[in-house]
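A.B. asks: Mind looking over this structure? Questions follow.
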Amino acid sequence: MVFHILEKSISIHHAHEGEYAEHKHPHIGMASALALIGHSFMDGVGIGLGFQVGTGVGLLVALAVISHDFTDGMNTISLMLNHKNTTGKAKMFLWFDALAPVLGAASTLLFAISPNFLVLYLGFFAGFLLYIGASDILPEAHSKHSSWLTIFLTVLGAALIFLITRFL
């Protein structure tokens, strides 16, 4: 719910952009990039907390974060440029996004958590993933723009998740 409220409060007539004259909303690109930077920081916190639980958990969380963090950088640049921010500002936000997981992981050296809090932390972020999947990813997968490539990549992703969880 928090993410839904935040998303709706910063978007401006997002669904009907094509109906308006050429215009720009750089603040939406920056807000979106800041959200990705926050996400990347929390990814780093997840890595650090995983290592607090155990080396194996930390390595698995790090593998998951590293395998998807490359797209966070692409998304940061895309959001900044699509909302008409300058290339220089987009690069600056990309650097922040790259540094965020390192700072997040390092921040966990300053505190220890209980396993009960870790469950709440993971549950909170699982809720974010469910929201994003239900509100953005699933509708896009069923849109007229979807293709066999989407289906193939979905199956490939599921197979990769299966292999990682089965053998690591």
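The values are calculated or read from the model by the stated rules, or taken from the named source; none is laboratory data. Small disclaimer: the values here were computed from a predicted structure and weren't measured. Each accessible area value is taken on the protein alone, full model and side chains, heavy atoms only, with ligands, DNA and RNA left out. Shrake-Rupley method; radii C 1.70, N 1.55, O 1.52, S 1.80 Å.
A.B. asks: Quick one: length gained pulling Asn75 to Phe152 fully straight, 0.36 nm per residue minus the C-alpha distance?
C.D. replies: Numbers: separation 77, 0.36 × 77 = 27.72 nm, distance 2.14 nm.
Going from the current span to full extension adds 25.6 nm.
A.B. asks: Now for a separate question. Return the whole-Å distance between the Cα centroid of the range 73-87 and the Cα centroid of the range 43-71.
C.D. replies: First find each Cα centre; the distance between them is then 26 Å.
A.B. asks: What number comes out for accessible area per residue over the range 87-160 if the probe is 1.4 Å? Units Å², please.
C.D. replies: With all protein chains present, the range 87-160 gives 76 Å² per residue.
A.B. asks: Same structure again: Could you report the range 28-78's accessible area per residue, 1.4 Å probe, as an integer in Å²?
C.D. replies: On a per-residue basis, the range 28-78 sits at 45 Å².
A.B. asks: Just reorder Ile164, Ile37 by solvent-accessible area, largest first, 1.4 Å probe, all chains present.
C.D. replies: So, going from the largest accessible area down, we get Ile164, Ile37.
A.B. asks: In whole Hz and in residue order, list the ³J(HN,Hα) couplings for the range 37-43 that follow from phi through the Karplus curve 6.51 cos²θ - 1.76 cosθ + 1.60, θ = phi - 60°; x for Gly and Pro.
C.D. replies: 5, x, 4, 5, 4, 5, 4
A.B. asks: I would also like to ask the following. Rounded to a whole number, what % of the accessible area of the range 21-168 do carbon and sulfur atoms account for, probe 1.4 Å? Mind dumping the intermediate values first?
C.D. replies: Numbers: 7550 of 9870 Å².
Here carbon and sulfur together make up 76 percent of the probe-accessible area.
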